[in-house]
Amino acid sequence: MSEAAQTLDGWYCLHDFRLIDWASWKTLSSDERQLAISEFQGLLDKWNTTQSNNEGSHALYSIVGQKADFMLMFARPTMEELNAIENEFNKTKLAEYTIPAYSYVSVVELSNYLAGGDGEDPYQNPHVRARLYPTLPKAKHVCFYPMDKRRQGDDNWYMLSMDERKSLMRSHGMIGRSYAGKVKQIISGSVGFDDYEWGVTLFADDVLQFKKLVYEMRFDEVSARYGEFGSFFVGNILTEESIPSFLYV
Ligand code: VOV
């Protein structure tokens, strides 16, 4: 049996994708719409407080294409908090005018493939902590997709030795590192939580860097031989100031 990688696990994540039912939203009076928007802004205030206290983080993006109209991403210390947020949002007026499009449940994950192993407790290392408990960046664009590592015939990631996987991940990491400052990645593990094995959330100010990075990685063995991908979602940041115009009809 191959040795399982050890993971460090951080905050739990919920990616919640919604469509807006514009036809019914339009039937509300502008006062009713304003109330719904204010109620949602109240939730954002609450989430901002959680974020300033370093007890979680969230991101709001509008999504391009028919798969969804917006995405709310939450990171929290427990699965219960994610569940509570989801329920609280679902009870709002605004949520009545949304249609669930897709969701993804995972936990921020770092593996030990490239770890130094100098005996220190990684959970105490500030660099590790910053990655496990991230404040989600306010980048202009987001890209999300779920993925698996293939388990098929001779192409079975899970049958490779630890050393083989380490050397493949080194090359993956090298490509990734060449995008430092351009793309920030959050890899979250979802084995046992959702339909794929990982969620990949990328943030960038230049949307084209997503295409360049993902394309370059396709030629790397980890992705070329072992990568299996779900649906891709791409979007633009929805700042709090732009919510009223986003919802204006
Ligand atoms: C934006 C840059 C970037 C960088 C720097 C980077 C680096 C690294 C390192 C150093 C490591 C290993 C240690 C750790 O930190 O866990 C990883 C791990 C991982 N990655 Fe990655 N990755 C990037 C980016 C990046 C992308 C764009 C993708 C999607 C792949 C694609 O083809 O579309 C990806 C996937 C993953 C996954 C699924 C894992 C976990 C694999 C496992 O089997 O456990 N990743 N990744």
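Per this entry, Met169 is counted among residues that are part of a helix (DSSP H, G or I), at negative phi, in contact (Cβ under 8 Å) with a residue 12 or more places away in the chain and of a type in the set (A, V, I, L, M). Take the residues of the range 1-36 that are within 16 Å of the ligand (Cβ to nearest atom) and open to solvent by 50 Å² or more (accessible area, probe 1.4 Å): which is farthest from Met162 (Cα to Cα)? Out of the qualifying residues, it is Asp9.
Taking the numbered list (1) out of contact with any Gly (no Cβ under 8 Å at 6 or more places or on another chain); (2) free of Cβ contacts under 8 Å to residues at least 40 places away in the same chain; (3) not in a loop (DSSP other than H, G, I, E, B) in turn, Gln185 passes all entries but (1). When residues in the range 37-67 are screened for being open to solvent by 80 Å² or more (accessible area, probe 1.4 Å) and in a loop (DSSP other than H, G, I, E, B), 6 of them pass. Selection of the range 106-144 for residues being closer than 18 Å to Ser188 by Cα, more than 10 Å from the ligand (Cβ to nearest atom) and part of a loop (DSSP other than H, G, I, E, B) yields Tyr133, Pro134, Thr135, Leu136, Pro137. Scanning the range 210-246 for residues that are more than 9 Å from the ligand (Cβ to nearest atom) and of a type in the set (S, T, N, Q) gives Ser231, Asn236, Thr239, Ser242, Ser245. Cβ-Cβ contacts under 8 Å between residues 6 or more apart (or on different chains), taken from a first residue in the range 50-66 that is over 21 Å from Phe17 (Cβ atoms) to a second residue that is open to solvent by 10 Å² or more (accessible area, probe 1.4 Å) and aromatic (Phe, Trp, Tyr), are listed as Asn54/Tyr133.
The values are calculated or read from the model by the stated rules, or taken from the named source; none is laboratory data. Computed from a prediction, not measured in an experiment: that's the story for all the values here. Please note: Cβ atoms are built from the backbone with ideal geometry, for glycine as well, and neighbour counts cover all protein chains shown. Accessible surface areas use protein heavy atoms only, side chains included; no ligands, DNA or RNA. Shrake-Rupley method; radii C 1.70, N 1.55, O 1.52, S 1.80 Å.
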